[in-house]
Amino acid sequence: MEWRQKARSILERNSELCVIAEASDGEQAVRQVSELKPDLIVLDVGLPVLNGIEAAVRMLAVSPESKILFLSQAQDQAIVEVAFSVGASAYVHKLNVNNELLRGGQCGIDRSSISY
């Protein structure tokens, strides 16, 4: 199972959350956020075409009320710091996705629509 499918299956365990879109690269994700203005964006740092950090900057420019939860394999503290500096509300390492994704999502929002 790819990470996007795994994240979706975890998020859908919470009946208060509704996954409204998925994107396979950063540019597609920015376009969807611009259209949908989701409450929460679950975003991989290592997205193709446009990386997650740059995508986050663009997303918050078009949807400043959205919260961003980064999901990443990166354990480098510098990347975590950059993620928060561009506006992340939460950061979850992929090794901890089963235990931390829903908790991180709840820290990021108190609303119900999610895009990743």
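The values are calculated or read from the model by the stated rules, or taken from the named source; none is laboratory data. What you see is a predicted model, and the numbers here were worked out from it, not measured in a lab. Because the Cβ atoms are built from the backbone with ideal geometry, glycine has one as well, and the counts that use them run over all protein chains shown.
Give the residues of the stretch 47-56 that are buried (at least 17 other Cβ atoms within 10 Å of the Cβ) and either β-branched (Val, Ile, Thr) or within 13 Å of Arg4 (Cβ to Cβ) (or both), sorted by residue number.
Leu47, Gly52, Ile53
Six or more apart or on different chains, Cβ under 7 Å: which pairs go from a residue in the stretch 11-30 that's over 19 Å from Asn51 (Cβ atoms) to one that's among the acidic types (Asp, Glu) and assigned to a loop (DSSP other than H, G, I, E, B)? Could you list them?
Qualifying pairs under 7 Å: Val19/Glu12.
For the stretch 1-76, which fully contained helices (runs of 4 or more DSSP H) count at least 3 residues that are at pLDDT below 95 and closer than 18 Å to Val92 by Cα?
So the answer is 3-11.
Which residues, taken from the stretch 1-12, are surrounded by fewer than 16 Cβ atoms within 10 Å (Cβ to Cβ), within 19 Å of Lys67 (Cβ to Cβ) and out of contact with any strand residue (DSSP E or B) (no Cβ under 7 Å at 6 or more places or on another chain)?
Arg4
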